[in-house]
Every structure is written in structure tokens, then in C-alpha cells.
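Asker: Please find one structure pasted underneath; my questions will follow.
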Amino acid sequence: MLLPWYQETGNAIVGGKLARIDDSKSAFGVYSFVEAAIFVVVVGTIALLWARAERKAFHLPGGDGTVIMGAGLWVMFLIFYRQLDKPNGRKEGMIQTSVGVQWGIFIAFLLGALLAYAGYRIRAAHVPEPVTDDAPPPAPDEAAKTEEPPPDKPDDGTTVAARQPRPPGDDPFEGQLSFDEPAEYRPPPRR
């Protein structure tokens, strides 16, 4: 937001002579709702990252990655909107200026895209949120258990009841859709 976002150009009569006006303005120089919203997103993202660096435990809907990705996408949308709705130039007596965009607004747009990508990568990494001291420990991983299956339970992952055929009309889930793929359609496990 400190980079030059806008270029104000125009002409004015100063001391009876025509003078050129050329001024760069940052986002703080032309403040509106859009720049305020971007500033709030920046402060909120920095506060989130600082709190996680301090190992503060709190839950966010969707996790940190989703919130950061949403913040980056929101910043990109706001900057795109601001490029369409540029601030007006001055019309004061003999001074008339027009406002165009400069390179800083494009850098801010790319940084919003970088923030969205970082949030996507954080979300894809599945990093768990910090746990408070008074919270119960996480449940152990089911795959880590090395118990022997009972003798009535086969080792192929199905139960005895699942292998026994039911009489027609006895299945309460008969006719419902199932999202489980048959074993012949499943890809082989990765090594």
C-alpha cells in the first residue's frame, strides 16, 4: 500500500504560464473503503500469522490455510474493483487533472495472488492447529494400532455379518445410493 498506485497528471496556469502537474499517489494518499478493507485484511493476516508463531491455540472455520487463501482472493477482488473505479481527478478553477494507475497497484494485485497461493499450500499441507494445554490429546491413528483381529473377524477388512447374505427386503439401505467404489474399480495402493 506504500507503493505508487495512481498517477495524477494535468495542466495548470501558474504565474500566467502553463505548468504540468505530475504526482504519484500511494493507496494511503487516495483513501476509500477499498483501501481500508485491504488494510484490515493485511492487519488480520499479520495478526493470524503472529498468533500462530507464538503457538496460540484457537480454531478458525476451514483452518488457517482457508482463511489466508480467502484473504488473498478478497484482496485481489478489491484491487481489481479499484482499477475499474479509479479516484477522480481535480477540477479546481484552472487546474484539471486525470488519474491513471501505476505499477504499484499491479504489484499489490500479484501479492494478493501470492497470499492466496500461500493459503492454498498451507491448506494442502494439512498442518494441524496448535492444541491448548488443557485440551485432550488427539486420538491415536487407527492405522497405528497393531492388535490382532479376533478369530471371528476376517483379516480382509470385512466383518462376518457383512459377508453373510441378507434375505431380500431385510436390508434397510436397499435402493440407496452408495459412494463406496467396488474393489475392482479402486486403484492399487501407493508404495
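Every residue, every condition in (1) over 16 Å from the mean Cα position of the chain (by Cα); (2) open to solvent by 100 Å² or more (accessible area, probe 1.4 Å); (3) of a type in the set (A, V, I, L, M, F, W, C), yes or no:
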position	(1), (2), (3)
Ala47	no, no, yes
Ala51	yes, no, yes
Ala57	yes, no, yes
Asp64	no, no, no
Leu78	no, no, yes
Pro87	yes, no, no
Ile95	yes, no, yes
Ala113	no, no, yes
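Asker: For region 1-38, name all the residues that are closer than 21 Å to Arg82 by Cα, assigned to a loop (DSSP other than H, G, I, E, B) and either free of Cβ contacts under 8 Å to residues at least 12 places away in the same chain or open to solvent by less than 30 Å² (accessible area, probe 1.4 Å) (or both).
Answerer: If the condition is that a residue be closer than 21 Å to Arg82 by Cα, assigned to a loop (DSSP other than H, G, I, E, B) and either free of Cβ contacts under 8 Å to residues at least 12 places away in the same chain or open to solvent by less than 30 Å² (accessible area, probe 1.4 Å) (or both), then Ala27, Val30, Tyr31 are the ones that fit.
The values are calculated or read from the model by the stated rules, or taken from the named source; none is laboratory data. Small disclaimer: the values here were computed from a predicted structure and weren't measured. Neighbour counts are summed over all protein chains in view; Cβ atoms, including those assigned to glycine, are modelled from backbone coordinates with ideal geometry. Areas reflect the complete protein model, heavy atoms only, side chains present, ligands, DNA and RNA absent. Shrake-Rupley method; radii C 1.70, N 1.55, O 1.52, S 1.80 Å.
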